[in-house]
Amino acid sequence: MMVTKRSSRGEGKNYFRVMLDGVEISGFERVSHLQSGIEVGFSDDNSDKIPGKSFCQNVILHKKRTREQPFWNWLKDVQSGNLVKKNIQIELIYRNKSLRGWNLVNCWPCRWSISDITDDVMNTLEEIELVVEKIELI
């Protein structure tokens, strides 16, 4: 699933909010790979398919580059051997009302990248890939 920030005409705006351990982080343009599932296993006699381990796909956040660098700093901590897991909340807002949200539980960054750097520096995007242990619907 991909969540994209959009504006609407008329009575309000449609957008989403991203909170990192309770602190709102601005500038997000898109969230992708919001996915959870269950592996399929087999019974002991291989006659029936049964649910196996649950899993979450890595989630990718796309963010306008700003002076604040919480994800870069977090990645540097993890790279130095300090695995700090955090929770992220993503909330869809429509006409100033919360429609739906997701808690990404026990996340940590595994990749950070930046878009091509051109003379249009103001539109540079960061891409942050997060390992997610659990997704909760809120």
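The values are calculated or read from the model by the stated rules, or taken from the named source; none is laboratory data. None of these values were measured; they are calculated from a predicted model. Cβ sites come from the backbone with ideal geometry, for glycine too, and all protein chains shown count toward neighbours. The area values use the complete protein model at the heavy-atom level, side chains included, leaving out ligands, DNA and RNA. Shrake-Rupley method; radii C 1.70, N 1.55, O 1.52, S 1.80 Å.
Points to keep in mind about this one:
- Accessible area in the full protein assembly, largest first, 1.4 Å probe, for TRP112, TRP74: TRP112, TRP74
- Potential lengthening between TRP108 and GLN35 on full extension [0.36 nm per residue; Cα-Cα distance subtracted]: 24.7 nm
- Diffusion constant of the chain at 4 °C, which comes from Stokes-Einstein with the Kirkwood Cα-pair radius and 1.567 mPa s, µm²/s: 78 µm²/s
- The listed residues SER113, SER47, once ranked by accessible area (1.4 Å probe) with the largest placed first, stand as SER47, SER113.
- Couplings for the range 42-59, taken from phi via the Karplus curve 6.51 cos²θ - 1.76 cosθ + 1.60 with θ = phi - 60°, read 10, 5, 4, 9, 6, 8, 10, 7, 9, x, x, 6, 7, 8, 10, 6, 4, 9 Hz in order; Gly and Pro are left as x.
- Exposure of SER98 as accessible area (Å², to 10), given a probe of 1.4 Å and all protein chains: 70 Å²
- The C-alpha atoms of the chain define a longest principal axis, and helix 70-79 lies at about 50 degrees to it.
- Probing with 1.4 Å while keeping every protein chain in the model, the per residue accessible area of the range 44-113 equals 65 Å².
- ARG65 accessible area, 1.4 Å probe, all protein chains in place, Å² to nearest 10: 110 Å²
- Sequence-distant residues sharing a close amide H with VAL59 (under 5 Å, placed H): LEU130, VAL132
- Carbon/sulfur fraction of accessible area - the chain, other protein chains in place, 1.4 Å, %: 47 percent
- Globularity index of the range 65-135, i.e. its alpha-carbon radius of gyration over 2.2 N^0.38 Å: 1.32
- The accessible-area ordering, largest first, of the residues CYS56, CYS110 stands as CYS110, CYS56, per a 1.4 angstrom probe.
- When the surface is traced with a 1.4 Å probe over the full set of protein chains, LYS76 keeps roughly 90 Å² accessible.
- Electrostatic tally near ILE50: other residues with Cβ closer than 14 Å to its Cβ, Lys and Arg +1, Asp and Glu -1, net -2.
- Listed residues GLU126, GLU24, GLU91, most fluctuating in the chain (Gaussian network, C-alpha, under 10 Å): GLU24
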